[in-house]
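Below is one structure, written out as structure tokens; the observations come after it.
The values are calculated or read from the model by the stated rules, or taken from the named source; none is laboratory data. Computed from a predicted structure; not experimentally measured. Here Cβ is always computed from backbone atoms with ideal geometry, including for glycine, and neighbour counts include all displayed protein chains.
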Amino acid sequence: RISFDYAIMEKADRVLVVEASFDWDDIGSWRAVANYFKNDEQGNAANCAVTAVDSTNNVIFDEGGTAIALLGVHNFIVVRTRDAILVCHRHQAEKIKNLIGKLPPELQ
């Protein structure tokens, strides 16, 4: 996958810009996505209901209403989609693209 900036904008010789009155955030990382989730008092950011005990600064995304419970984990990213689950330390998030390349093609 190639970024829009690299694939299109850097090669374009005629570009128009339109002023807009809305905020922009490049949702290119789980850290950025977490800014749009609700945070609990321990700093866990989630788009779903989470039960967290002795767990701080985690990012949790659930696509389908599964009960998620955290116990004694800190600075993790937990993502559940229809067909896969990802658990990684927040400091390893930049390596997710490498991991995806090792998955079976139907999960990429």
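Within the stretch 39-53, track down each residue that is crowded, with 20+ Cβ neighbours inside 10 Å, part of a strand (DSSP E or B) and either among the basic types (Lys, Arg) or within 16 Å of the chain's Cα centre (by Cα) (or both).
45, 46
Just the residues that are surrounded by fewer than 17 Cβ atoms within 10 Å (Cβ to Cβ) and closer than 19 Å to residue 89 by Cβ, please, taken from the stretch 54-67.
As a first pass, look at the stretch 54-67 and keep what is surrounded by fewer than 17 Cβ atoms within 10 Å (Cβ to Cβ): 54, 56-57, 63-67.
Once the filter is applied, which keeps residues that are surrounded by fewer than 17 Cβ atoms within 10 Å (Cβ to Cβ) and closer than 19 Å to residue 89 by Cβ, the stretch 54-67 yields 54, 56, 57.
Could you count how many residues in the stretch 64-108 are hydroxyl-bearing (Ser, Thr, Tyr) and more than 17 Å from residue 44 (Cβ to Cβ)? I'd like the intermediate steps shown before the answer.
Quick first cut of the stretch 64-108, residues hydroxyl-bearing (Ser, Thr, Tyr) only: 66, 81.
Retained after the next criterion (residues that are more than 17 Å from residue 44 (Cβ to Cβ)): 81.
The qualifying residues number 1.
Can you tell me which residue is farthest from residue 95 (Cα to Cα) among those in the stretch 1-29 that are acidic (Asp, Glu) and assigned to a loop (DSSP other than H, G, I, E, B)?
Residues of the stretch 1-29 that are acidic (Asp, Glu), as a first pass: 5, 10, 13, 19, 23, 25-26.
Now narrow it down to the ones that are assigned to a loop (DSSP other than H, G, I, E, B): 10, 13, 19, 23, 25-26.
Values: 10: 25, 13: 33, 19: 35, 23: 28, 25: 21, 26: 18 Å.
Ranking the qualifying residues of the stretch 1-29, first place goes to 19.
Mind checking whether some residue in the stretch 60-73 is in a loop (DSSP other than H, G, I, E, B), at pLDDT below 85 and under 13 Å from the mean Cα position of the chain (by Cα)?
no
Can you say whether residue 5 is in contact with a helix residue (DSSP H, G or I) (Cβ under 9 Å, 6 or more places away or on another chain), at pLDDT below 85 and surrounded by fewer than 11 Cβ atoms within 10 Å (Cβ to Cβ), as far as the supplied structure shows? Give the steps one after another, and end with the answer.
Details: in contact with a helix residue (DSSP H, G or I) (Cβ under 9 Å, 6 or more places away or on another chain): no; at pLDDT below 85: yes; surrounded by fewer than 11 Cβ atoms within 10 Å (Cβ to Cβ): yes.
No: the conditions fail for residue 5.
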